[in-house]
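Step one of this worksheet: look at the structure below.
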Amino acid sequence: MDNNQKLKGQSALVTGASSGIGKAVAIALANEGARVVVNYSSHPEHAEEVVDEIKANGGTAMIYGADVSKEDEVQAMFQAMFKEYGTIDILVSNSGIQKDSGFAEMSLADWQKVIDVNLTGQFLCAREAAREFLKRGVVPERSVAAGKIICMSSVHEVIPWAGHVNYAASKGGIMLMMKSMAQELAPHKIRINSIAPGAIQTPINKDAWETQEALDKLLTLIPYKRIGKPEDIGKVAVWLASDESDYVVGTTIFVDGGMTLYPGFASNG
Ligand code: NAD
(Lines give C-alpha, C1' and ligand atoms only; values in the text may rest on other atoms or scores of the structure.)
Protein backbone atom coordinates (compact mmCIF):
# COMPACT_ATOMS: atom_id res chain seq x y z
CA MET A 1 0.00 0.00 0.00
CA ASP A 2 1.01 3.57 -0.69
CA ASN A 3 2.12 5.36 2.51
CA ASN A 4 1.26 8.74 1.04
CA GLN A 5 -2.43 8.01 0.74
CA LYS A 6 -4.42 11.24 1.03
CA LEU A 7 -7.34 9.78 3.02
CA LYS A 8 -5.53 7.32 5.23
CA GLY A 9 -7.48 6.31 8.34
CA GLN A 10 -10.68 8.09 7.25
CA SER A 11 -14.12 6.55 6.83
CA ALA A 12 -16.32 7.39 3.86
CA LEU A 13 -19.89 6.69 2.85
CA VAL A 14 -20.74 6.83 -0.86
CA THR A 15 -24.44 6.53 -1.69
CA GLY A 16 -25.43 4.82 -4.91
CA ALA A 17 -21.96 3.33 -5.15
CA SER A 18 -22.99 0.13 -6.93
CA SER A 19 -22.88 1.75 -10.36
CA GLY A 20 -21.45 4.52 -12.53
CA ILE A 21 -20.05 7.61 -10.84
CA GLY A 22 -20.61 6.36 -7.27
CA LYS A 23 -18.69 3.19 -8.01
CA ALA A 24 -15.71 5.12 -9.39
CA VAL A 25 -15.79 7.51 -6.42
CA ALA A 26 -15.88 4.63 -3.90
CA ILE A 27 -12.91 2.95 -5.59
CA ALA A 28 -10.94 6.20 -5.83
CA LEU A 29 -11.50 7.07 -2.14
CA ALA A 30 -10.52 3.53 -1.09
CA ASN A 31 -7.37 3.69 -3.22
CA GLU A 32 -6.39 6.75 -1.15
CA GLY A 33 -6.79 4.81 2.10
CA ALA A 34 -10.39 5.52 3.15
CA ARG A 35 -12.58 2.71 4.48
CA VAL A 36 -15.70 2.90 2.35
CA VAL A 37 -19.35 2.02 2.84
CA VAL A 38 -20.70 1.13 -0.60
CA ASN A 39 -24.41 1.98 -0.45
CA TYR A 40 -26.85 0.54 -2.98
CA SER A 41 -30.63 0.41 -3.33
CA SER A 42 -30.96 -2.69 -5.52
CA HIS A 43 -28.69 -5.37 -6.98
CA PRO A 44 -26.43 -6.12 -3.98
CA GLU A 45 -24.30 -8.23 -6.32
CA HIS A 46 -23.16 -5.04 -8.09
CA ALA A 47 -22.21 -3.49 -4.76
CA GLU A 48 -20.34 -6.70 -3.85
CA GLU A 49 -18.33 -6.37 -7.07
CA VAL A 50 -17.25 -2.87 -6.02
CA VAL A 51 -16.17 -4.15 -2.59
CA ASP A 52 -14.29 -7.02 -4.26
CA GLU A 53 -12.43 -4.55 -6.50
CA ILE A 54 -11.54 -2.35 -3.51
CA LYS A 55 -10.28 -5.35 -1.55
CA ALA A 56 -8.28 -6.59 -4.55
CA ASN A 57 -6.56 -3.17 -4.55
CA GLY A 58 -5.69 -3.66 -0.86
CA GLY A 59 -8.50 -1.45 0.51
CA THR A 60 -11.33 -1.86 3.02
CA ALA A 61 -15.04 -1.63 2.22
CA MET A 62 -18.48 -2.96 3.14
CA ILE A 63 -21.83 -2.90 1.38
CA TYR A 64 -25.02 -1.51 2.86
CA GLY A 65 -28.45 -1.53 1.22
CA ALA A 66 -30.65 1.48 1.97
CA ASP A 67 -33.08 3.73 0.15
CA VAL A 68 -31.67 7.23 0.72
CA SER A 69 -35.14 8.78 0.57
CA LYS A 70 -36.27 6.88 3.70
CA GLU A 71 -35.30 8.48 7.00
CA ASP A 72 -35.30 5.23 9.02
CA GLU A 73 -33.15 3.43 6.43
CA VAL A 74 -30.63 6.29 6.28
CA GLN A 75 -30.36 6.41 10.07
CA ALA A 76 -29.90 2.64 10.26
CA MET A 77 -27.17 2.87 7.59
CA PHE A 78 -25.22 5.46 9.59
CA GLN A 79 -25.58 3.36 12.77
CA ALA A 80 -24.27 0.29 10.90
CA MET A 81 -21.34 2.35 9.63
CA PHE A 82 -20.53 3.68 13.12
CA LYS A 83 -20.65 0.14 14.50
CA GLU A 84 -18.23 -1.11 11.86
CA TYR A 85 -15.91 1.88 11.30
CA GLY A 86 -16.57 3.96 14.46
CA THR A 87 -17.44 7.24 12.72
CA ILE A 88 -17.70 9.07 9.38
CA ASP A 89 -15.21 11.57 7.93
CA ILE A 90 -16.42 11.83 4.32
CA LEU A 91 -19.93 11.67 2.86
CA VAL A 92 -20.42 11.55 -0.90
CA SER A 93 -24.16 11.94 -1.54
CA ASN A 94 -24.30 10.55 -5.02
CA SER A 95 -27.54 8.56 -5.46
CA GLY A 96 -29.70 9.99 -8.19
CA ILE A 97 -32.35 9.00 -10.69
CA GLN A 98 -34.17 10.40 -13.70
CA LYS A 99 -37.86 9.95 -14.55
CA ASP A 100 -38.25 11.96 -17.72
CA SER A 101 -41.34 13.25 -19.50
CA GLY A 102 -42.73 16.36 -21.10
CA PHE A 103 -43.80 18.85 -18.46
CA ALA A 104 -47.54 18.70 -19.16
CA GLU A 105 -47.46 14.90 -19.01
CA MET A 106 -45.34 14.64 -15.86
CA SER A 107 -47.10 12.69 -13.10
CA LEU A 108 -46.96 13.79 -9.50
CA ALA A 109 -45.45 10.39 -8.68
CA ASP A 110 -42.54 10.95 -11.09
CA TRP A 111 -42.00 14.49 -9.83
CA GLN A 112 -42.06 13.32 -6.21
CA LYS A 113 -39.83 10.26 -6.68
CA VAL A 114 -37.02 12.30 -8.27
CA ILE A 115 -37.22 15.00 -5.58
CA ASP A 116 -37.33 12.32 -2.85
CA VAL A 117 -34.23 10.45 -4.03
CA ASN A 118 -32.13 13.29 -5.49
CA LEU A 119 -32.86 16.10 -3.01
CA THR A 120 -34.44 14.70 0.16
CA GLY A 121 -32.00 11.79 0.05
CA GLN A 122 -29.09 14.22 0.12
CA PHE A 123 -30.70 16.18 2.97
CA LEU A 124 -31.19 13.04 5.08
CA CYS A 125 -27.64 11.77 4.56
CA ALA A 126 -26.01 15.19 5.07
CA ARG A 127 -27.98 15.71 8.28
CA GLU A 128 -26.80 12.42 9.78
CA ALA A 129 -23.20 13.14 8.77
CA ALA A 130 -23.37 16.69 10.17
CA ARG A 131 -24.71 15.43 13.50
CA GLU A 132 -21.72 13.09 13.84
CA PHE A 133 -19.19 15.75 12.71
CA LEU A 134 -20.60 18.25 15.26
CA LYS A 135 -20.53 15.69 18.06
CA ARG A 136 -17.02 14.46 17.29
CA GLY A 137 -15.16 17.55 16.05
CA VAL A 138 -11.74 17.59 14.41
CA VAL A 139 -9.45 14.57 14.79
CA PRO A 140 -6.11 16.15 13.77
CA GLU A 141 -4.34 12.92 12.89
CA ARG A 142 -6.95 12.25 10.20
CA SER A 143 -7.88 15.66 8.77
CA VAL A 144 -7.81 19.36 9.58
CA ALA A 145 -11.58 19.45 8.99
CA ALA A 146 -14.23 17.94 11.26
CA GLY A 147 -15.83 16.36 8.21
CA LYS A 148 -16.39 16.71 4.50
CA ILE A 149 -19.61 16.41 2.50
CA ILE A 150 -19.61 16.20 -1.28
CA CYS A 151 -22.97 16.59 -2.99
CA MET A 152 -23.27 15.05 -6.46
CA SER A 153 -25.05 17.73 -8.40
CA SER A 154 -25.09 18.18 -12.19
CA VAL A 155 -24.56 20.81 -14.86
CA HIS A 156 -28.36 20.96 -14.60
CA GLU A 157 -28.04 22.92 -11.38
CA VAL A 158 -27.51 25.83 -13.82
CA ILE A 159 -28.54 24.55 -17.29
CA PRO A 160 -32.34 24.34 -17.73
CA TRP A 161 -33.43 20.98 -19.17
CA ALA A 162 -36.69 20.61 -21.07
CA GLY A 163 -38.30 17.21 -20.57
CA HIS A 164 -36.46 16.80 -17.26
CA VAL A 165 -38.06 19.45 -15.06
CA ASN A 166 -38.10 17.23 -11.96
CA TYR A 167 -34.40 16.37 -12.35
CA ALA A 168 -33.29 19.96 -13.00
CA ALA A 169 -35.36 21.16 -10.02
CA SER A 170 -33.70 18.56 -7.79
CA LYS A 171 -30.21 19.64 -8.87
CA GLY A 172 -31.02 23.35 -8.57
CA GLY A 173 -32.26 22.53 -5.08
CA ILE A 174 -29.01 20.77 -4.26
CA MET A 175 -27.08 23.91 -5.21
CA LEU A 176 -28.68 26.14 -2.57
CA MET A 177 -29.04 23.35 -0.02
CA MET A 178 -25.29 22.74 -0.33
CA LYS A 179 -24.39 26.43 -0.08
CA SER A 180 -26.72 27.04 2.88
CA MET A 181 -25.39 24.00 4.73
CA ALA A 182 -21.83 25.08 3.96
CA GLN A 183 -22.44 28.59 5.29
CA GLU A 184 -24.03 27.28 8.48
CA LEU A 185 -21.52 24.53 9.23
CA ALA A 186 -18.20 26.03 8.06
CA PRO A 187 -17.56 27.64 11.50
CA HIS A 188 -17.58 24.08 12.87
CA LYS A 189 -14.81 23.11 10.41
CA ILE A 190 -17.23 21.10 8.29
CA ARG A 191 -16.51 21.51 4.57
CA ILE A 192 -19.37 21.06 2.12
CA ASN A 193 -19.05 21.31 -1.66
CA SER A 194 -20.64 19.94 -4.82
CA ILE A 195 -19.38 18.27 -7.95
CA ALA A 196 -21.42 19.04 -11.06
CA PRO A 197 -20.68 16.41 -13.70
CA GLY A 198 -21.42 17.07 -17.36
CA ALA A 199 -22.07 14.02 -19.54
CA ILE A 200 -20.40 11.03 -17.94
CA GLN A 201 -20.70 7.61 -19.55
CA THR A 202 -22.90 5.62 -17.12
CA PRO A 203 -26.17 3.65 -17.25
CA ILE A 204 -28.22 6.77 -16.31
CA ASN A 205 -27.67 8.38 -19.74
CA LYS A 206 -27.17 5.30 -21.96
CA ASP A 207 -29.46 6.75 -24.66
CA ALA A 208 -27.05 9.68 -25.08
CA TRP A 209 -23.96 7.58 -25.97
CA GLU A 210 -25.19 4.14 -27.03
CA THR A 211 -25.18 4.85 -30.77
CA GLN A 212 -22.61 6.82 -32.77
CA GLU A 213 -25.38 9.18 -33.90
CA ALA A 214 -26.42 9.92 -30.30
CA LEU A 215 -22.79 10.37 -29.24
CA ASP A 216 -22.05 12.77 -32.14
CA LYS A 217 -25.05 14.86 -31.11
CA LEU A 218 -23.92 14.85 -27.49
CA LEU A 219 -20.39 15.95 -28.47
CA THR A 220 -21.80 19.15 -30.03
CA LEU A 221 -22.55 20.14 -26.42
CA ILE A 222 -19.01 19.42 -25.16
CA PRO A 223 -16.23 21.82 -26.24
CA TYR A 224 -13.57 19.35 -25.04
CA LYS A 225 -15.03 16.78 -27.49
CA ARG A 226 -15.09 13.69 -25.35
CA ILE A 227 -17.66 12.12 -23.07
CA GLY A 228 -16.62 12.02 -19.42
CA LYS A 229 -15.55 8.89 -17.60
CA PRO A 230 -16.65 8.03 -14.03
CA GLU A 231 -12.95 8.17 -13.06
CA ASP A 232 -12.89 11.89 -14.01
CA ILE A 233 -15.30 12.42 -11.12
CA GLY A 234 -13.49 10.01 -8.78
CA LYS A 235 -10.31 12.10 -8.98
CA VAL A 236 -12.11 15.33 -8.12
CA ALA A 237 -13.95 13.64 -5.23
CA VAL A 238 -10.60 12.52 -3.75
CA TRP A 239 -9.26 16.06 -3.95
CA LEU A 240 -12.40 17.61 -2.44
CA ALA A 241 -12.37 15.04 0.39
CA SER A 242 -8.68 15.62 1.14
CA ASP A 243 -6.96 18.40 3.07
CA GLU A 244 -5.46 19.61 -0.23
CA SER A 245 -8.76 21.41 -0.82
CA ASP A 246 -9.05 22.67 2.76
CA TYR A 247 -9.91 26.27 1.78
CA VAL A 248 -12.60 25.18 -0.69
CA VAL A 249 -15.94 25.74 1.05
CA GLY A 250 -19.46 25.89 -0.40
CA THR A 251 -18.59 25.79 -4.06
CA THR A 252 -19.59 23.69 -7.05
CA ILE A 253 -16.81 22.24 -9.17
CA PHE A 254 -18.01 21.69 -12.73
CA VAL A 255 -16.39 18.62 -14.29
CA ASP A 256 -18.00 18.84 -17.68
CA GLY A 257 -15.51 19.25 -20.56
CA GLY A 258 -16.83 22.79 -20.93
CA MET A 259 -20.53 21.95 -21.24
CA THR A 260 -21.45 25.02 -19.20
CA LEU A 261 -19.53 27.34 -21.59
CA TYR A 262 -22.57 27.95 -23.86
CA PRO A 263 -21.07 25.87 -26.73
CA GLY A 264 -23.81 27.13 -29.07
CA PHE A 265 -21.94 30.47 -29.11
CA ALA A 266 -18.61 28.91 -30.15
CA SER A 267 -19.22 29.78 -33.81
CA ASN A 268 -20.24 33.38 -33.17
CA GLY A 269 -23.72 32.51 -31.82
P1 NAD B 1 -26.27 5.37 -12.21
O2 NAD B 1 -27.68 5.08 -12.60
O3 NAD B 1 -25.17 4.54 -12.78
O4 NAD B 1 -26.14 5.32 -10.63
C5 NAD B 1 -27.12 5.80 -9.77
C6 NAD B 1 -26.93 5.18 -8.41
O7 NAD B 1 -27.95 5.66 -7.51
C8 NAD B 1 -27.05 3.65 -8.42
O9 NAD B 1 -26.02 3.08 -7.65
C10 NAD B 1 -28.40 3.41 -7.75
O11 NAD B 1 -28.44 2.17 -7.06
C12 NAD B 1 -28.48 4.57 -6.79
N13 NAD B 1 -29.84 4.84 -6.34
C14 NAD B 1 -30.95 5.06 -7.10
N15 NAD B 1 -32.02 5.21 -6.29
C16 NAD B 1 -31.57 5.11 -5.02
C17 NAD B 1 -32.17 5.18 -3.74
N18 NAD B 1 -33.49 5.41 -3.61
N19 NAD B 1 -31.40 5.00 -2.65
C20 NAD B 1 -30.07 4.75 -2.76
N21 NAD B 1 -29.44 4.68 -3.93
C22 NAD B 1 -30.18 4.86 -5.05
O23 NAD B 1 -26.05 6.90 -12.52
P24 NAD B 1 -24.76 7.85 -12.43
O25 NAD B 1 -24.62 8.51 -13.74
O26 NAD B 1 -23.62 7.16 -11.83
O27 NAD B 1 -25.31 8.97 -11.43
C28 NAD B 1 -24.77 9.24 -10.16
C29 NAD B 1 -25.08 10.67 -9.77
O30 NAD B 1 -24.42 11.55 -10.69
C31 NAD B 1 -26.56 11.05 -9.81
O32 NAD B 1 -26.86 11.91 -8.73
C33 NAD B 1 -26.69 11.79 -11.12
O34 NAD B 1 -27.75 12.72 -11.11
C35 NAD B 1 -25.35 12.49 -11.18
N36 NAD B 1 -24.96 12.93 -12.52
C37 NAD B 1 -24.68 12.03 -13.51
C38 NAD B 1 -24.33 12.50 -14.76
C39 NAD B 1 -23.97 11.58 -15.90
O40 NAD B 1 -23.74 12.09 -17.01
N41 NAD B 1 -23.90 10.28 -15.71
C42 NAD B 1 -24.27 13.87 -15.01
C43 NAD B 1 -24.58 14.75 -13.99
C44 NAD B 1 -24.92 14.27 -12.74
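The values are calculated or read from the model by the stated rules, or taken from the named source; none is laboratory data. Everything quoted here is computed from the prediction, not taken from an experiment. Methodologically, a virtual Cβ is constructed for each residue, glycine included, from the backbone with ideal geometry; neighbour enumeration extends over all protein chains shown. Remember, those area values only see protein heavy atoms, side chains included, never the ligands or the DNA or RNA. Shrake-Rupley method; radii C 1.70, N 1.55, O 1.52, S 1.80 Å.
What the table shows:
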item: ILE190 long-range amide H proximity, modeled H, under 5 Å; result: ALA146
item: Tail weight of P(r) past 23 Å, computed on alpha-carbon pairs of the chain, percent; result: 50 percent
item: Rounded percent of accessible protein surface that carbon and sulfur make up, the chain, 1.4 Å probe; result: 54 percent
item: Mean residue ellipticity (222 nm) of the chain, computed from DSSP H runs ≥ 4 via -39,500 (n - 2.57), nearest 500; result: -12500 deg cm²/dmol
item: Mean Cα-pair separation over length for the chain, i.e. relative contact order, pairs under 8 Å, 6 or more apart, %; result: 19 percent
item: Count of Lys pairs (Cα-Cα under 26 Å; at least 8 positions apart or interchain) in the stretch 22-179; result: 29
item: Mean Cβ count within 10 Å, highest first, over the residues of peptides 247-260, 18-31; result: 18-31, 247-260
item: Cβ-based charge dipole, the stretch 138-269, positive-most Cα from HIS156, MET177, THR260; result: MET177
item: Linear extension gain, PHE82 paired with ARG127, 0.36 nm per residue minus alpha-carbon span; result: 14.7 nm
item: The stretch 134-200 versus the stretch 44-70: alpha-carbon centroid distance in Å; result: 22 Å
